[in-house]
Structures are given as structure tokens and as C-alpha cells.
């Protein structure tokens, strides 16, 4: 058995595509599901926050179970690869259902959201824990594993860039309702805009293309004045061939071509159907292009009690579990609030797509530089420095105003460059924790070790969703009520800036407790290679 394999570029790219696929799902959900639930599906933000928390906490149990199951899977494809094959299509299907909006009452919507979201987390678990564990059995070289981790994160961020950069434009394309628009100028920078559509639209959004103009209902539309605060666009239901009139101010020379009306329900659903197909395709490529090479010691017998005892006594794993939870809360808060921040604070939702693409490009650069920096500084030190730097830079967003677009982009990109180092190191270090367990106990439970990665990712996202929901609810945010949105702006800014920073500072302190420096890792790798050669 070879255990120090140098992996080919082809295999590393094939493996990376798997996380690209997973991040179509994960970043699509983390970035867009909250605003989809509140602004389009019509759920209360506190309800959404509680849903995220409950589903992600219960999912921690399934993570452990999936780690146990994958460690005991026996097939001609190995222990972990077959799960990538088996879950490719189900994961794409449930992602599509998450962004589907059936016509239900309030209770029915909540039940539908809980059922589809919990099922999504279960299928994602069945896919992602074996996928993560696969990294640790593709090679026994910890430095090669760090390189593979860099490829993985490049793939992850590329998948995230695909969904975050393209989705809003796909929504605009698939949600086009072919409206009839008539614009009459009333005064300088003041127009009356009349719109109608050939079919009913349950959740339409109207604004100018650049999002600057303010919309209010025309006085003859019988809209209660307290609901008619001028806002950068309006969301409303359209009856076919009925005319809707707005007073539009704040822009010069508005024409019919400057008015955008999008069916958000149809736009989100069709966009996610397309992206889900790419998800399944990428998973198939990962399955067929990778190979498992590291197996547990031949003398090891299946013993769940022993595996769990070894896990609890594994200090590197315990530290990584806590730190992984915290940095995923940090990342998930930023991802979950960014669309709301751009939509309601900068009043330019499509600009969020450019921002997210910029973050993904910075993330790819950060992932690529992690391996050489890790060799120079060591993984532990690099992790601590990255946590502190990213958090402090991100806190500067509290000083930005809606017109400080360049500053917002600069701060976000610099912070994200450093934040990309977190997951790149984290998943490589979980492999190190698996090696440590084998070195110390002469037993290996790779799937169980990697359940920490999935648990931290999902439960961290759940806590982040709860934080977002509860903070916005405290400021009386209602995504379908323009007046309440204005009052929630301070909460939105807090969530985008200094609240995540506090979390990174706590994570950096905990990372100091991580016991595996590079000298210890080299010792472990040498000893394990010797043992494996003897057992060949």
C-alpha cells in the first residue's frame, strides 16, 4: 500500500469540483435563503432564525452518525467515494425544492420550510462528510494534504462565485414578466410610472435598473398612507392586465427601459433548478476522478465505543471543533446579511453580485497562498493571524455609508482574502487530527473525525442564521414592509460589521490551545509511514 502519494493535478482538480458543487448548495443557501424566506416566501425573520437554529442543531447528531456509517461502509469504490455518487442527484433535487414557493397559508409555509430545510441538511450531511473524509485517505502526506486543501478551497470558492455572482442576474432573466410600462414626466426628477403585465405575478419587485429612484404609490391607487413611504422600489402582487401607478423621484430622464419588474418567485426557482443540474454534474466528476489510498490498520477491529472515546480524548480535534464552529458563525453571518445589506442599505441589490464575485476572487487568492504560508509560518500561527486580521478589517464596515461603495468593496475583499485561509487550513488540519489519533491510539476513524467539519459548518450556520433573525426581529424588520426596513438599518450594519469581529477574536484565543505544531506533525507523518510500510 502506498501512503505518501503525490497526487496528480487532474485528481486534485477533480476533488476540488466536489466542493465547487457543494458550495453551489451551501453558499446559495447561506447567502440567499434568508432573504428568500423573508422577502419572497413571507416568513417572519425570527421564525427563520429559529428554523435555522433548530435544524442545524439536530443535524449535529446526523453528522456523527454519518461519520460512523461512512467509516463502516464497504464497497468496491471504497468507504467514502460511493456516497458522493449516491447523493449527487438527491442533493440537487432538494436544493431546488428549498427555493420553490408553493401557495400555502402561514402554517403551511412554516411546515414546508422545516421539512425541506431539514431534509436538505440531512442529504448534505450524507454527501459532505464522506467528501471531506476522502481528503484524508487520498494521501498520507500532510503537506500534500495541505496542497489538496488549497485546491479544494479554490473549487469551493469558484462554486460560491458561480452561485453568488450569477444568481441575481439569473433571477432577473428568468423572472422577466414582459411588462407594459408607460412613463410620464411630472417635473424635474419626478415621474409617474404606470405598469401592467399579461399574467398574474404573486411577488413582483419594481425598481429602476440602477436602484437610485424612490417609488411611492400614486394617490389614486387607494394605498394607505402609512404604507406608502418612498422606497428604492416596491414589492407587490400584480393582477393580469390591471394598471399600477407609482410616483418615482430622484432620477433624471427615466424611460420605460429604465424600469425593472421581476417575478422573484419564478426567478429564484428556475435559477436554482439550473444551478442544481451543475451541482449533480460536478459531483459525478469528483466520484470518477478520485481514488482512496489510505486504509485503517489491518489489526483494527470495529469498535464504536473505542472510536468515540478516542475522539473525545483527541485534543487537536476538540480545539478544531470549537474554532471551526466560531469561524463558520463569522462567515455565515457575513454571507447571510450581505444581500439584505446591499438591497436595503445601499439600495442596489444587483451590486451585491459584483461584491460577492469580488469576495470569491479574493477567496481563491487566499486559498492559493495558504499552502506556501502554512509551510513558512505553520498552520497554527497562520490560522491565528488570519482570524485576527480578517475580523479587525471587517469591523471597519461600521464606518461606511451607502455611497462609500469603493470603501465597502475594499474592506470586504481584504477581509475575505484572509478569511479564505480558515476553511483551507481547517479541513487539512482535520486530516492531521486523524493522523494524530492513529499515531496515539493505533486506530483510525476518519469519517468520525471529519464529522466535526460538517457539524461546525452547519451548526455554525444555524447559529449565524439565528443571530441574524433575532437581531433583525429586535429592530422590527419585515422584508415585505418598506417602512419597517428603514428602522432596521442599524441592525443590518451591526450584522455586517462588528458583530462578526467579536467572534473571530474568541476563535483566535481558542486556536492558541491547538497542540500540533509542524515539528510534531513531521514526527507523526514519519512514524505512520513506517508503520504502514511494515503492515503492507
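Taking other Cβ atoms within 10 Å as a rough exposure proxy, 436, 131, 288, 114 sort from fewest to most as 288, 114, 436, 131. The angle separating the long axis of helix 379-395 from the principal Cα axis of greatest extent in the chain is about 10 degrees.
Whole-Å semi-axes of the range 180-264's equivalent ellipsoid, largest first, each the root of 5 times a Cα gyration tensor eigenvalue?
18, 15, 12
Neighbour counts of C-beta atoms inside 10 Å place 449, 468, 489 in the sequence 489, 468, 449, starting with the fewest.
Remark on the range 71-189: hydrodynamic radius 18.5 angstrom, per the Kirkwood mean of 1/r across alpha carbon pairs.
The packing ranking of peptides 40-50, 317-327, highest mean first, is 317-327, 40-50, where packing means the average number of other beta carbon atoms within 10 angstrom of each residue.
Taking Cα atoms only, the orientation of helix 9-35 departs from the longest principal axis of the chain by about 40 degrees.
Projected onto their three principal axes, the Cα atoms of the chain cover extents of 87, 43, 38 Å, largest first. Between the helical axis of 264-289 and the dominant principal axis of the chain, each derived from Cα atoms, what acute angle in degrees is found, rounded to the nearest 10? Helix 264-289 and the main axis of the chain meet at about 20 degrees. The range 351-393 and the range 397-459 have Cα centres spaced 10 Å apart. Neighbour counts of other Cβ atoms within 10 Å put 438, 189 in the fewest-to-most order 189, 438. Classify the range 39-96 as rounded, prolate or oblate from the Cα gyration tensor: take a ≥ b ≥ c as the square roots of its eigenvalues, call it rounded if a/c is under 1.5, otherwise prolate when a/b beats b/c and oblate if not. Note, shape of the range 39-96 comes out oblate.
Readers should treat all values here as calculations from the given coordinates under stated rules, not as data from a laboratory. Only a predicted model underlies this, so the values are computations on that prediction, with no experimental measurement involved. Please note: Cβ atoms are built from the backbone with ideal geometry, for glycine as well, and neighbour counts cover all protein chains shown.
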